Each structure stands twice: as C-alpha cells, then as structure tokens.
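Trainee: Below: one structure in structure tokens.
The values are calculated or read from the model by the stated rules, or taken from the named source; none is laboratory data. Keep in mind that this is a model prediction, so the values were computed, not measured. All Cβ positions, glycine included, derive from the backbone under ideal geometry; neighbour counts span all protein chains shown. Quick note on the areas: whole protein, heavy atoms, side chains included, nothing else; ligands and nucleic acids left out. Shrake-Rupley method; radii C 1.70, N 1.55, O 1.52, S 1.80 Å.
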Amino acid sequence: MFSQLSLAPRYRLDDESVWLQGIDPLRRYWVMVNGEEALVRRLPGLSAPDFDSFRQAIRGFRGLDIGQELTLPAELGEQVTIICVAENAYALADHSAAPVWHLFDRESLESLLMTAHPDWQCAPQHLRLGQSVLTAAWGQPVAAKAA
C-alpha cells in the first residue's frame with residue numbers, strides 16, 4: 001500500500017540551529033549536517049563565468065518543477081545537482097561520504113546560488129575554510145614510497 005510522504009526542508013534561513021559554517025572563495029558551501037559542528041560537509045556551489053550564465057542558472061533553478069533536476073557547473077570541474085523533491089523543498093546531492101541529499105527550502109538555496117554573482121566576495125572569516133583544504137592537502141603524501 002502506498003502512503004504519501006511529506007518532505008520538509010532541513011536547512012532554512014530562519015532555522016534555529018546554525019547550519020551554514022560559511023562559503024569559501026570557490027563558492028563551496030560548508031554545511032554542518034543537522035547543525036553538528038563535528039559533521040561538516042563541503043558542497044560544491046554554482047560557478048558562473050559571467051552574468052549571463054549566472055542569470056540563466058538562476059532562471060533554471062526558479063523554473064524547476066517537482067521531480068525535475070538541474071545540473072550546474074561548479075569550480076574545479078565539479079558539478080552541483082539540484083533536485084526539486086517537493087513544493088519548496090530542493091535537494092543537493094552529496095557524494096563526499098555516503099550518497100545523501102541535503103534538503104533546502106527555496107529561499108535558502110537561492111541565497112546560496114546568489115554567491116555565484118560575479119560581484120560576490122567571500123567574507124574575510126570564510127577565507128580560512130578554503131585554506132583548511134589546502135593545509136590538509138599539504139599533509140597528504142603525493143606518491144606512495146617504493147618498498
């Protein structure tokens with residue numbers, strides 16, 4: 001027997017718990033899963049090389065109907081996939097650990113996408129987010145040692 005499933009966005013701008021750690025210079029969204037500081041995911045954000053591309057991406061997002069998905073370019077050759085899963089509920093696919101969807105309301109996700117505007121600048125305190133990725137990469141071996 002089929003029962004109707006009701007979906008509600010997990011991340012909203014008026015959320016009581018803080019869920020957005022920041023947005024780095026590459027426009028990646030640093031999200032604290034369920035507001036937990038120890039569980040941070042870095043989600044690729046929209047990258048638009050010019051204003052026309054930005055405007056087209058925003059219009060594509062605003063035109064999504066339930067069940068439709070939109071794949072947009074992100075920095076470093078990544079992509080961001082947005083799925084309209086219900087009225088006012090949009091999912092961002094995350095494959096960084098286990099495959100999951102992060103659910104946002106329209107206002108929150110559109111606000112994140114707006115950071116792709118050519119005039120947007122990263123907040124000074126969020127520069128550290130991008131630097132932390134570089135620092136972690138420097139600690140990784142480039143090649144395995146030969147035995």
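Trainee: Given the residues ILE66, ILE82, which is the only one that is in contact with a helix residue (DSSP H, G or I) (Cβ under 7 Å, 6 or more places away or on another chain) and without any contact (Cβ under 8 Å) to a residue 40 or more places away in the chain? Steps first, answer last, please.
Mentor: Values: ILE66 fails: in contact with a helix residue (DSSP H, G or I) (Cβ under 7 Å, 6 or more places away or on another chain).
Going through ILE66, ILE82 in turn, the sole match is ILE82.
Trainee: Moving on. How many residues does segment 87-128 contain that are open to solvent by 20 Å² or more (accessible area, probe 1.4 Å) and either on the phi < 0 side of the Ramachandran plot or at pLDDT below 90 (or both)? Reasoning before the result, please.
Mentor: Pass one, segment 87-128, residues open to solvent by 20 Å² or more (accessible area, probe 1.4 Å): 87-88, 93, 95-101, 103, 106-107, 110-111, 114, 117-128.
Retained after the next criterion (residues that are either on the phi < 0 side of the Ramachandran plot or at pLDDT below 90 (or both)): 87, 93, 95-101, 103, 106-107, 110-111, 114, 117-128.
Count: 27.
Trainee: Here are some residues: ARG41, ARG59, ARG28. Which one is among the basic types (Lys, Arg), open to solvent by 40 Å² or more (accessible area, probe 1.4 Å) and in contact with a strand residue (DSSP E or B) (Cβ under 8 Å, 6 or more places away or on another chain)? Break it down stepwise before answering.
Mentor: Values: ARG59 fails: in contact with a strand residue (DSSP E or B) (Cβ under 8 Å, 6 or more places away or on another chain); ARG28 fails: open to solvent by 40 Å² or more (accessible area, probe 1.4 Å).
Testing whether each residue is among the basic types (Lys, Arg), open to solvent by 40 Å² or more (accessible area, probe 1.4 Å) and in contact with a strand residue (DSSP E or B) (Cβ under 8 Å, 6 or more places away or on another chain) leaves just ARG41.
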